[in-house]
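Q: The structure is given below, and queries will be raised subsequently.
The values are calculated or read from the model by the stated rules, or taken from the named source; none is laboratory data. Bear in mind the structure is a predicted one, so any value in this text is a computation, not a measurement. Glycine also receives a Cβ, built like all others from the backbone with ideal geometry; neighbour counts cover every protein chain displayed. Heads up: the accessible areas ignore ligands, DNA and RNA and are worked out on the full protein's heavy atoms, side chains in. Shrake-Rupley method; radii C 1.70, N 1.55, O 1.52, S 1.80 Å.
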Amino acid sequence: MTKYGSFPGARPRRLRTTPAMRRMVAEYRLHPADLILPAFVREGIGEPVPISAMPGVVQHTRDTLRKAAVEAVEAGVAGIMLFGVPLDEKKDAAGTAGTDPDGILQVAIRDVRAEVGDDLVIMSDLCLDEYTDHGHCGVLDAEGRVDNDATLERYAEMAQVQADAGVHVVGPSGMMDGQVGVVRDALDQTGHEDVSILAYTAKYASAFYGPFREAVGSSLKGDRKTYQQDAANLRESLRELALDLDEGADMVMVKPALPYLDVLARIADEVEVPVAAYQISGEYAMVEAAAEKGWIDRDKAILETLTGIKRAGASMILTYWATEVARGLK
C-alpha cells in the first residue's frame, strides 16, 4: 500500500513477471503455418545469384529452388510464392515469356510440384512486369500507357499456363481493374476450378519495392502510380476489396505490410476470407541493414515485425524470413 491508499489496485504487471507467464497470456502467436516464402528463380544460371540489397536472399537455380521448397516443408512453412526471372533477350513488349508453357515460371512450378507435391501450397505471381522489356505490369497502348483491358487478356493466358503447370494458387498482382474476375473465368473455363486466387487487393505504389526490382531484374522506366494505389488512400482499398470479393477472390492481400497496418486491420475486420500481408523487400532490407550496423537485435526485430503484422489481422504472411523463422518457432 502506498501513502495514497490502496492504489494501484489493478496491477497488469503481474501478468508480465516471468517469460512463462508472458508466454501463457500472449494474445497472438506466430506459427510456421502462418508463413509463406517468396522465392525467385532465374533462367540460365548455374549457381544461385545473391541479391545485394537483400542479404541472405538469392535468385535460385531450378535445383536450388527445389531444395528451398523441401526446406520450407521441413520447417512447416505453409506455402511458397514463385517469381520467374527470364533471360533479358526473352523480354518483349507483350511479356510473351510469361505465357510460354516452357517459360521459367511455369517450369519452376512443375519442378516444385514434382518435388513436394501437395505438402506445400505452391503459389505463382501472375503479372507481366518480369517479362516485359518496359517493366510495366501490363501491355502498353499507342500512347505508352498501360492498357487495362488488353492486359486482362494476357492475364487470362497466364492463369491458364500456370494452372496447367500445377500451381495451387495464382496471385494476380498487377492491379488491373477486373483482373480477379477475368482470371477466375479463365481458370473455370479451362477445367481449373480448384485453383485458388489470392487477390492483391490493396497493393500500394511504394518506395519499399526497390530491392525487389533487383531481385526480378526489372526493366521498369518511370513508375506504376497509374495502377497501384496511392499511399494516402484507405477507403479506396475497401472499394478494391468489395470488387475483388465480388469477382471471386478466395483470399485477399495487403502489400506492403508494415507501412499499411491500418489498412490491413480494416480489411481484416471487413471480410470472412483469409487475409494475407506481404512483408516486402524494403521492409526486409531495413531490418537486415540496421542489424548489420549493430543498431538493432536482428532476431527480435524480425519476430516483432511479424507479430505486429499478425496482430493487425493477417492470417498469412509472405516474408523472406519464412523458413528461418519457422525453424525457430518449431
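Q: How many of the residues making up the range 128-172 are in contact (Cβ under 8 Å) with a residue 12 or more places away in the chain, out of contact with any Phe, Trp or Tyr (no Cβ under 9 Å at 6 or more places or on another chain), over 15 Å from His192 (Cα atoms) and among the hydrophobic types (A, V, I, L, M, F, W, C)?
A: Number satisfying all stated conditions: 4.
Q: Quick test of your reading of the structure: Gly174 fulfils all but one of (1) part of a loop (DSSP other than H, G, I, E, B); (2) within 22 Å of Met316 (Cβ to Cβ); (3) open to solvent by 10 Å² or more (accessible area, probe 1.4 Å); (4) at pLDDT below 95. Name the failing condition by number.
A: (3)
Here's the yes/no breakdown for (1) more than 22 Å from Leu128 (Cβ to Cβ); (2) open to solvent by less than 30 Å² (accessible area, probe 1.4 Å):
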{"residue": "Ala39", "(1), (2)": "no, yes"}
{"residue": "Glu71", "(1), (2)": "yes, no"}
{"residue": "Glu74", "(1), (2)": "yes, no"}
{"residue": "Phe83", "(1), (2)": "no, yes"}
{"residue": "Asp92", "(1), (2)": "no, no"}
{"residue": "Gly95", "(1), (2)": "no, yes"}
{"residue": "Ala108", "(1), (2)": "no, yes"}
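Q: Among (1) open to solvent by less than 10 Å² (accessible area, probe 1.4 Å); (2) hydroxyl-bearing (Ser, Thr, Tyr); (3) within 26 Å of Ala314 (Cβ to Cβ), there is one condition Thr151 misses while meeting the rest; what is its number?
A: Here Thr151 meets the rest and fails (3).
Q: Now a separate question. For the range 216-233, does any single residue satisfy the condition of being modelled with pLDDT of 95 or more and within 19 Å of the chain's Cα centre (by Cα)?
A: no
Q: Looking at the range 199-222, can you tell me whether even one residue there is more than 24 Å from Val41 (Cβ to Cβ), open to solvent by 40 Å² or more (accessible area, probe 1.4 Å), part of a loop (DSSP other than H, G, I, E, B) and not polar (S, T, N, Q)? Can you show your working first?
A: Taking the range 199-222 as the starting set, the residues that turn out to be more than 24 Å from Val41 (Cβ to Cβ) are 201-202, 204-205, 207, 221-222.
Filter again for open to solvent by 40 Å² or more (accessible area, probe 1.4 Å), leaving 207, 221-222.
Cutting the leftovers down to part of a loop (DSSP other than H, G, I, E, B) gives us 221-222.
Still in the list and also not polar (S, T, N, Q): 221-222.
Scanning the range 199-222 turns up at least one residue that is more than 24 Å from Val41 (Cβ to Cβ), open to solvent by 40 Å² or more (accessible area, probe 1.4 Å), part of a loop (DSSP other than H, G, I, E, B) and not polar (S, T, N, Q).
Q: So the check is Cβ under 9 Å with 6+ separation or different chains; which pairs have a first residue in the range 1-20 that's surrounded by fewer than 10 Cβ atoms within 10 Å (Cβ to Cβ) and a second one that's modelled with pLDDT under 90 and among the aromatic types (Phe, Trp, Tyr)?
A: Met1/Phe7
Q: Hey, another quick one. Is it the case that Asp194 is more than 29 Å from Ile45 (Cα to Cα), open to solvent by 20 Å² or more (accessible area, probe 1.4 Å) and either among the hydroxyl-bearing types (Ser, Thr, Tyr) or part of a helix (DSSP H, G or I) (or both)?
A: No, not satisfied.
Q: Considering each of Asp133, Asp141, Asp125 in turn, give the residue that is surrounded by 20 or more Cβ atoms within 10 Å (Cβ to Cβ), on the phi < 0 side of the Ramachandran plot and not β-branched (Val, Ile, Thr). Full working, then the answer.
A: Values: Asp133 fails: surrounded by 20 or more Cβ atoms within 10 Å (Cβ to Cβ); Asp141 fails: surrounded by 20 or more Cβ atoms within 10 Å (Cβ to Cβ).
Going through Asp133, Asp141, Asp125 in turn, just one is surrounded by 20 or more Cβ atoms within 10 Å (Cβ to Cβ), on the phi < 0 side of the Ramachandran plot and not β-branched (Val, Ile, Thr): Asp125.
Q: Here is a follow-up. When Arg184 is evaluated against the numbered criteria (1) modelled with pLDDT of 95 or more; (2) closer than 23 Å to Ala39 by Cβ, which criterion, by number, is the only one it fails?
A: (2)
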